[in-house]
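Step one of this worksheet: look at the structure below.
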Amino acid sequence: ADLRSRTGTSSRSRAPWRARLPGVTERPPGFAIDSRVARRRFERSARSYARASRLEAEIGARMLERLDYVKLAPRRVLDAGSGPLREARALAQRYRGAQVLALDCSPAMLRAGRPRWRFFQKPFPLRIGADFARLPLAASSVDLVWSNMALHWAADPLAALREFHRVLALEGLLMFSTLGPDTLAELRAAAGAARVHSFADMHDLGDMLVAAGFAEPVMDMERITMVYADGEALLADLRASGQTCALAGRARGLAGRRFRAALTEKLAAQRREGQLPVRYEVV
């Protein structure tokens with residue numbers, strides 16, 4: 001898939017979250033994630049995730065570049081939603097004096113990131129299987145919380161942000177990326193809103209940060225277009241990276257051949273110059 005991007009700001013309605021802050025634990029339909037299903041999806045895709053998650057790799061690389069402008073010497077770093085330790089290993093190389101904790105809800109993902117050779121890279125991140133909303137870490141024990149393209153999988157992102165705040169030391173830094181509402185608009189138009197996740201607006205995420213206790217949140221948004229050969233290539237990437245529907249209110253039965261044929265036809269109608277452009281909004 002080809003990557004094209006442009007930066008901007010977000011100005012859409014904030015209705016899904018605005019009325020619910022600061023103390024809500026239930027998410028509106030379209031946002032409510034079944035965490036057990038999400039974990040199973042990533043367990044099954046652990047071996048194929050690294051090659052299929054090109055967008056996540058690109059965003060992680062851009063986040064690492066931004067650390068060049070941050071004066072920080074952390075003693076302990078938490079990679080929340082580390083997957084197969086792609087950025088956790090890079091953080092361990094950058095901050096050689098720090099202990100890096102790679103935390104993910106999927107044990108298979110963590111195993112996929114283990115060393116494959118006898119003489120592996122040192123220092124190597126410590127792997128922890130746990131949920132965002134229940135971090136097995138002491139308060140004020142981490143200097144940098146890093147989370148690349150994972151927060152939108154949290155059953156309750158506000159609770160996760162509060163946990164990030166709890167474990168961060170005074171003057172610690174949270175650096176994260178997640179998906180915004182324009183993500184997969186083409187797939188949503190073809191498959192229907194009930195089968196494609198909704199994502200929180202940048203401004204509502206900013207409200208959550210303030211509600212969680214963070215000071216001076218700085219946020220920006222970028223729209224990235226990935227170009228696929230066709231709808232089948234898009235769906236194959238999503239399956240291989242574990243990013244298929246895990247909504248609590250999802251349809252439980254098989255969609256059937258008729259739905260699949262209609263989906264393929266609708267995606268084909270969105271092709272431009274023989275390719276299918278698909279938008280992702282990255283916050």
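Descriptive notes on the structure:
- Of the two radii for the stretch 200-241, the radius of gyration is 1.24 times the Kirkwood radius, both from the alpha carbons; that is the Rg over Rh value.
- In the chain, the DSSP beta bridges split such that about 50 percent are antiparallel, to the nearest 5.
- Think of the chain as having a plus end and a minus end, set by charges on the Cβ of Lys, Arg, Asp and Glu; of A160, Q243, V278, Q243 sits farthest toward the positive end of this dipole.
- Charges were assigned to the Cβ only: +1 to each Lys and Arg, -1 to each Asp and Glu. The resulting dipole of the chain about its Cα centre is roughly 1080 debye.
- Value at 222 nm in deg cm²/dmol, rounded to 500, when DSSP H runs of n ≥ 4 in the chain each add -39,500 (n - 2.57): -9500 deg cm²/dmol
- Note on the chain: with a GNM built from Cα contacts shorter than 10 Å, the maximum mean-square fluctuation among R96, R114, R260 falls on R260.
- Ratio of Rg to Rh for the stretch 230-283: 1.00 [Cα atoms; Kirkwood radius as inverse mean 1/r over pairs].
- Longest site-free stretch - the chain; sites: GluC sites (Glu not before Pro), DSSP loop, at most 14 other Cβ within 10 Å: 27-272
- Isotropically averaged projected area of the chain, using the convex hull of Cα atoms (one quarter of hull area), nm²: 15.1 nm²
- The stretch 176-257, relative contact order [Cα under 8 Å, separation at least 6], %: 32 percent
- The stretch 62-207, accessible area per residue, ligands and nucleic acids excluded (1.4 Å, Å²): 44 Å²
- A convex hull fitted to the Cα coordinates of the stretch 41-165 yields 109 cubic angstrom per residue.
- Whole-percent carbon and sulfur share, accessible surface of the chain, 1.4 Å: 51 percent
- Most fluctuating residue given options V218, V37, V210, as computed from a GNM of the chain linking Cα atoms under 10 Å: V218
- Panel note: the C-alpha atoms of the stretch 45-119, placed on their principal axes, show extents of 36, 28, 25 Å (largest first).
- With the charge dipole of the stretch 156-231 set up from +1 on Lys and Arg Cβ and -1 on Asp and Glu Cβ about the Cα centre, the Cα lying farthest toward the positive end among the listed residues M175, M221, G192 is that of G192.
- For L173, distant residues with modelled amide H under 5 Å away: L144, V145
- GNM top mover of R41, R258, R54 - the chain, alpha-carbon springs below 10 Å: R258
- Dipole in debye (nearest 20) - the stretch 109-234, about Cα centre, beta carbon charges: Lys, Arg +1; Asp, Glu -1: 980 debye
- Cα convex hull volume per residue for the stretch 168-280 (Å³): 131 Å³
The values are calculated or read from the model by the stated rules, or taken from the named source; none is laboratory data. Just so it is clear, the structure is predicted and the values come from calculations on it, not from any experiment. Positions of Cβ are backbone-derived with ideal geometry, glycine not excepted, and every protein chain shown enters the neighbour counts. Ligands, DNA and RNA are stripped out before the accessible areas are found, and what is left, the full protein with its side chains, is counted by its heavy atoms. Shrake-Rupley method; radii C 1.70, N 1.55, O 1.52, S 1.80 Å.
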